[in-house]
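Have a look at the structure below, then the notes.
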Amino acid sequence: MSHFNSPREEARLKALESESIYILREAMKFPRPAMLWSMGKDSSVMLWLARKAFFGEIPFPVVHIDTSFKIPEMIEFRDRKAKEWNLDLQISQNSAALKAGMSSACGKLECCTALKTQALKDFLAEKNYKAIFTAIRSDEEASRGKERIFSPRNSQAQWAYEEQIPQFWDMYPSDKASGDGHMRIHPILRWTELDIWLYIRREQIPVLDLYFSKNGERYRSVGCAPCTGTVRSSANTIDSVIEELRVTKVGERAGRAQDQADRYAMQKLRKAGYM
Amino acid sequence: MSLRIAICGHVDHGKSTLIGRLLNDCGQVKEDRARKVQSFCENAGRRFEYAFLLDGLAEEQEKGITIDVTEVSWNFQGREFTIIDTPGHREFLKNMVGGASRADAGVLLFDVGSEIQDQFKRHAAMLGLLGISRVIVVLNKMDLVDWSEDVFFAREREILEFFASASMPRPVILPAAAWMGANLIHQAAEMPWYRGPTLAQLCADIPPPKTLGSMALRIPLQGSYVRGGKEIFVGRVEAGSLKVGDPLVFLPSGKKSVVASLEIFGEPGRRSAEAGESIGFTLGEPLALKRGELGCGEAAPALLARQLRADIFWLAKEKLEKGATYQLRCGTKEVGATVSSVTELFDSSGCLARVNLQLSEPIGIDHFASCESTGRFILSKEGQALGGGRILAPEAGAILWMTGLSGAGKSTLAEALEKRLQSQGLRTKILDGDVLRTGLCRGLGFSDADRSENVRRTAEVAKLFAESGMVTIVALISPFAADRDNARLIAGKEKFLEIFVDCPLSQCEKRDPKGLYKKVRKGEISHFTGIHSRYDAPGAPDLHLRTDKLSIDAAVQEILGLFSPDEGLEC
């Protein structure tokens with residue numbers, strides 16, 4: 001097992017990193033940007049890239065949409081890193097829906113829509129953020145494969161995926177293109193799951209322990225406790241996770257229950273404003 | 001980095017199917033995604049649809065079309081590729097161009113049994129316009145023409161003729177049947193007459209994109225951040241390299257400084273950065289520089305342009321019209337751009353054209369042929385891109401007519417300008433008044449009539465040079481407005497730009513590079529312009545340069561800005 005990235009992998013990571021930093025800096029044209037952080041591996045890499053792009057001082061708030069169903073370890077990780085990295089951490093929760101008893105038992109798509117999409121929409125409306133960084137990747141799932149680096153949402157946070165605006169080279173649209181809605185900005189859209197882990201290894205980025213095998217199982221993708229399953233795996237280090245990804249035939253979100261709720265579940269969720 | 005290949009072509013010619021099959025045959029499809037497609041196809045009672053591995057939107061699967069671009073990774077023989085699946089429908093052309101704009105090479109699919117349609121030609125032309133010179137044409141669906149050698153070669157000939165007639169580089173052409181995998185990874189047994197490489201092999205043989213490290217430095221500024229009391233400028237090195245100690249000049253401001261330090265978080269002490277890197281840097285002396293300035297190596301700066309000649313693609317529903325104003329972005333700089341003329345349409349639907357643009361203020365640019373990333377631009381409205389284009393080099397053949405008092409700086413400017421134009425690969429000729437009077441115009445004196453004849457002869461010679469494709473720089477006092485107007489008439493179709501090299505008489509006399517003013521004051525020369533003889537300052541010159549206020553470099557930049565994009569005459 002190799003503990004180092006190959007020269008070709010290094011060259012690829014360098015190019016991806018440079019593009020992501022370029023995107024993050026381009027987004028500063030927008031008034032009031034903010035970054036979503038779920039403490040998962042992808043948004044943690046995005047956060048790391050933002051620290052690099054802005055020389056250790058991230059010039060916008062970092063937002064956690066807290067469904068209250070997150071795995072406790074994630075919350076502990078969040079608070080520890082927010083302090084260490086001096087983040088302007090903001091937490092948003094759809095407390096009305098929670099009070100009314102919303103949970104995945106009410107329906108997976110309904111739960112995601114209320115506790116994630118609605119919580120995000122309320123938060124954007126309340127704070128008037130015009131640009132939101134999210135750490136989606138195009139290889140995760142089919143509808144994310146259709147995304148643009150800069151992707152406008154209307155005032156209802158809806159995604160017009162049938163009629164996306166043109167984007168050439170890396171000259172991205174301005175805030176006028178999102179009108180009275182907001183712009184979703186996807187700095188790591190072109191990274192693959194393997195890229196993420198190779199970069200975590202290269203940069204020694206701290207990640208949740210949940211990603212590493214305990215008793216023959218590990219989380220490959222992390223979300224809410226009720227809807228996130230583990231995969232059978234003996235990978236208990238970054239190196240062994242990387243080796244596993246090189247050979248696996250199983251998709252990354254196979255353990256995410258909301259994806260399986262409907263054939264086009266993610267497309268439907270995302271059209272309505274989901275990440 | 002992986003080689004990026006855009007898959008283009010008309011709708012239903014098999015693009016998504018080809019990609020799905022390619023991944024499948026290389027064992028690079030995730031099982032759960034394949035299972036999803038399989039169960040869907042079984043339920044619908046149809047054969048396994050490779051295209052659905054890419055077309056992930058519900059609308060795409062239901063209608064069996066590609067609406068928007070998908071990118072997937074593909075590995076072959078240890079080489080990494082990014083395959084960009086683009087839609088074929090006319091109405092999704094904007095998505096196709098967006099996807100192809102990120103590609104290094106293109107694969108154009110064509111249903112071998114159909115006629116060559118506009119959409120195929122349009123996609124081919126788009127690839128050409130985007131600067132993608134490596135194109136592989138796949139003549140697909142060979143199974144539907146019984147693997148016929150004759151059909152293949154007839155179609156191949158037509159396609160080669162089309163590419164040649166459009167002055168596009170000759171593509172490689174191969175026969176295939178994508179849904180069966182024939183000639184994708186494996187040689188098709190059904191076509192023993194084809195002995196060329198498979199598609200995968202052709203892709204593997206594409207040379208890597210050229211490196212940009214040896215070019216002159218270009219770094220468009222994205223902005224700046226103050227950290228630890230220092231102002232750090234940020235941007236991506238688009239060409240060349242940047243090192244501590246390098247002298248830089250920024251355009252359009254013309255400000256100069258030296259790189260004091262490189263600022264890359266987590267890598268203290270870095271001394272140099274290469275093309276492609278997103279970096280920060282500090283400067284030796286504090287300069288107020290805004291987003292949009294183009295940082296250049298001082299030895300080989302970009303051009304300062306106020307007008308552009310460009311080939312563009314236009315994707316908006318509204319027509320591109322003369323007189324309309326859009327927002328133009330080149331590098332990180334945004335300015336207003338008015339369409340001063342549309343000189344050629346390459347496409348029946350108006351989506352490809354050659355235009356001239358007048359900018360609201362000068363910006364730093366390169367010609368696309370010398371630096372792609374600073375030689376292209378987008379046009380937008382309301383923050384949305386409507387089209388884009390590449391900046392063309394000036395058309396050779398022009399007369400730059402410099403008029404002004406003796407000592408105003410005409411000859412000095414002409415020489416400096418010639419050097420810059422020649423460095424851009426242009427052929428130039430200087431016609432200097434003093435030199436002409438020793439030959440062509442020997443025998444002419446300084447009477448009004450002789451002066452007119454002097455200007456007339458010079459104009460006639462300038463025209464001959466311009467006609468032969470040379471940039472002809474005339475440095476001649478040419479004091480009378482009527483004579484200069486006549487020179488413009490003589491130039492006829494050739495481009496004629498009047499440049500007023502303006503400097504107050506007292507300053508010219510102080511400079512007195514040839515000692516003429518001294519002789520005038522001693523009474524040794526009569527009929528001297530500005531003293532005994534009148535000088536008509538141009539009323540509306542193409543450019544007015546105050547050489548008492550401008551440096552030579554700055555004046556040359558202004559001329560290049562006026563001239564390099566070539567137009568300004570026919571608007």
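The values are calculated or read from the model by the stated rules, or taken from the named source; none is laboratory data. Here the structure is a predicted model, which is why all the values come from computation and not from measurement. Here the Cβ is made from the backbone with ideal geometry for all residues, glycine too, and neighbour counts use every protein chain on show. Side chains included, ligands, DNA and RNA excluded: accessible areas come from the protein's heavy atoms. Shrake-Rupley method; radii C 1.70, N 1.55, O 1.52, S 1.80 Å.
Overview of values
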{"quantity": "When residues of the range B:146-163 are limited to those that are over 17 Å from B:T198 (Cβ atoms), open to solvent by 30 Å² or more (accessible area, probe 1.4 Å) and among the hydrophobic types (A, V, I, L, M, F, W, C), the one farthest from the chain's Cα centre (by Cα)", "calculated": "B:V151"}
{"quantity": "In the range B:446-462, the residues that are assigned to a helix (DSSP H, G or I) and either open to solvent by less than 60 Å² (accessible area, probe 1.4 Å) or among the polar types (S, T, N, Q) (or both)", "calculated": "B:D450, B:R451, B:S452, B:E453, B:N454, B:V455, B:T458, B:A459, B:V461, B:A462"}
{"quantity": "Test: residue in the range B:362-373 that is farther than 30 Å from B:K510 by Cβ, out of contact with any helix residue (DSSP H, G or I) (no Cβ under 9 Å at 6 or more places or on another chain), among the polar types (S, T, N, Q) and open to solvent by less than 10 Å² (accessible area, probe 1.4 Å)", "calculated": "no"}
{"quantity": "Test: residue in the range B:555-570 that is in a loop (DSSP other than H, G, I, E, B), of a type outside the set (V, I, T), open to solvent by 50 Å² or more (accessible area, probe 1.4 Å) and touching a Lys or Arg at 6+ places or on another chain (Cβ under 6 Å)", "calculated": "yes"}
{"quantity": "Test result for A:R25, modelled with pLDDT of 90 or more and facing chain B (nearest Cβ under 8 Å)", "calculated": "yes"}
{"quantity": "Among the residues listed as B:E453, B:E467, B:E382, the single one being among the charged types (D, E, K, R), more than 19 Å from the chain's Cα centre (by Cα) and closer than 30 Å to B:C330 by Cβ", "calculated": "B:E382"}
{"quantity": "Any hit, the range A:203-215, residues being within 11 Å of chain B (Cβ to nearest Cβ) and at negative phi", "calculated": "yes"}
{"quantity": "From the options B:G276, B:G266, residue that is more than 19 Å from B:G331 (Cα to Cα), modelled with pLDDT under 95 and within 14 Å of another protein chain (Cβ to nearest Cβ)", "calculated": "B:G266"}
{"quantity": "Criterion violated by A:R12 - all others in (1) at the interface with chain B (Cβ under 8 Å from one of its Cβ atoms); (2) more than 25 Å from B:G280 (Cα to Cα) satisfied", "calculated": "(2)"}
{"quantity": "Any hit, the range B:127-134, residues being of a type in the set (G, A, S) and assigned to a helix (DSSP H, G or I)", "calculated": "yes"}
{"quantity": "Residues of the range B:497-528 that turn out to be open to solvent by less than 10 Å² (accessible area, probe 1.4 Å) and closer than 17 Å to B:L543 by Cα, as a count", "calculated": "4"}
{"quantity": "Long-range neighbours under 6 Å by Cβ, at least six apart or interchain, first residue more than 20 Å from B:R488 (Cα to Cα) within the range B:433-457, second open to solvent by 80 Å² or more (accessible area, probe 1.4 Å)", "calculated": "B:F446/B:H527"}
{"quantity": "Some residue of the range B:108-130 being crowded, with 19+ Cβ neighbours inside 10 Å, within 19 Å of the chain's Cα centre (by Cα) and within 21 Å of B:E80 (Cα to Cα)", "calculated": "no"}
{"quantity": "Residue list for the range A:43-56, restricted to those being open to solvent by 10 Å² or more (accessible area, probe 1.4 Å), farther than 18 Å from A:K83 by Cβ and part of a helix (DSSP H, G or I)", "calculated": "A:K52"}
{"quantity": "Some residue of the range A:55-68 being closer than 30 Å to A:S240 by Cβ, in contact (Cβ under 8 Å) with a residue 12 or more places away in the chain and not β-branched (V, I, T)", "calculated": "yes"}
{"quantity": "Near pairs, Cβ below 7 angstrom, 6+ apart or cross-chain, from the range A:83-110 (acidic (D, E)) to any residue that is part of a loop (DSSP other than H, G, I, E, B)", "calculated": "A:D88/A:P61"}
{"quantity": "Residues that are away from every other protein chain (no Cβ under 14 Å) and either open to solvent by 60 Å² or more (accessible area, probe 1.4 Å) or among the hydroxyl-bearing types (S, T, Y) (or both), drawn from the range B:319-342", "calculated": "B:K319, B:E321, B:K322, B:T325, B:T338, B:S340, B:S341"}
{"quantity": "Tally of residues being within 11 Å of another protein chain (Cβ to nearest Cβ), surrounded by fewer than 24 Cβ atoms within 10 Å (Cβ to Cβ), in contact (Cβ under 8 Å) with a residue 40 or more places away in the chain and not charged (D, E, K, R) across the range B:80-92", "calculated": "1"}
{"quantity": "Conditions (1) among the basic types (K, R); (2) more than 9 Å from chain A (Cβ to nearest Cβ); (3) out of contact with any strand residue (DSSP E or B) (no Cβ under 8 Å at 6 or more places or on another chain): number failed by B:R122", "calculated": "(3)"}
{"quantity": "Qualifying positions in the range B:477-495 - open to solvent by 10 Å² or more (accessible area, probe 1.4 Å) and touching a helix residue (DSSP H, G or I) at 6+ places or on another chain (Cβ under 9 Å)", "calculated": "B:I477, B:F480, B:A482, B:D483, B:N486, B:R488, B:L489, B:I490, B:G492, B:K493, B:E494, B:K495"}
{"quantity": "From the options A:P59, A:P7, A:P31, A:P72, residue that is under 24 Å from A:F212 (Cβ atoms) and either within 14 Å of another protein chain (Cβ to nearest Cβ) or open to solvent by 40 Å² or more (accessible area, probe 1.4 Å) (or both)", "calculated": "A:P72"}
{"quantity": "Hits in the range B:374-395 - residues which are within 14 Å of another protein chain (Cβ to nearest Cβ), open to solvent by 10 Å² or more (accessible area, probe 1.4 Å) and not in a strand (DSSP E or B)", "calculated": "B:E382, B:G383"}
{"quantity": "Residues within the range B:93-118 that are of a type in the set (A, V, I, L, M, F, W, C), more than 14 Å from chain A (Cβ to nearest Cβ), outside any strand (DSSP E or B) and within 28 Å of B:F377 (Cα to Cα), tallied", "calculated": "0"}
{"quantity": "Qualifying residue in the range B:1-22 (condition: modelled with pLDDT under 80 and facing another protein chain (nearest Cβ under 9 Å))", "calculated": "yes"}
{"quantity": "Unique match (being in contact with a strand residue (DSSP E or B) (Cβ under 7 Å, 6 or more places away or on another chain), open to solvent by 10 Å² or more (accessible area, probe 1.4 Å) and on the phi > 0 side of the Ramachandran plot) among B:G404, B:G443, B:G409", "calculated": "B:G409"}
{"quantity": "Yes/no for B:V69 being within 9 Å of chain A (Cβ to nearest Cβ), in contact (Cβ under 8 Å) with a residue 60 or more places away in the chain, closer than 25 Å to B:C351 by Cα and surrounded by 24 or more Cβ atoms within 10 Å (Cβ to Cβ)", "calculated": "no"}
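Matching residues to (1) part of a helix (DSSP H, G or I); (2) open to solvent by less than 40 Å² (accessible area, probe 1.4 Å):
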site	(1), (2)
A:I205	no, yes
A:L210	yes, yes
A:V222	no, yes
A:P226	yes, no
A:V241	yes, yes
A:R246	yes, no
A:V250	no, no
A:R253	yes, yes
A:Q258	yes, yes
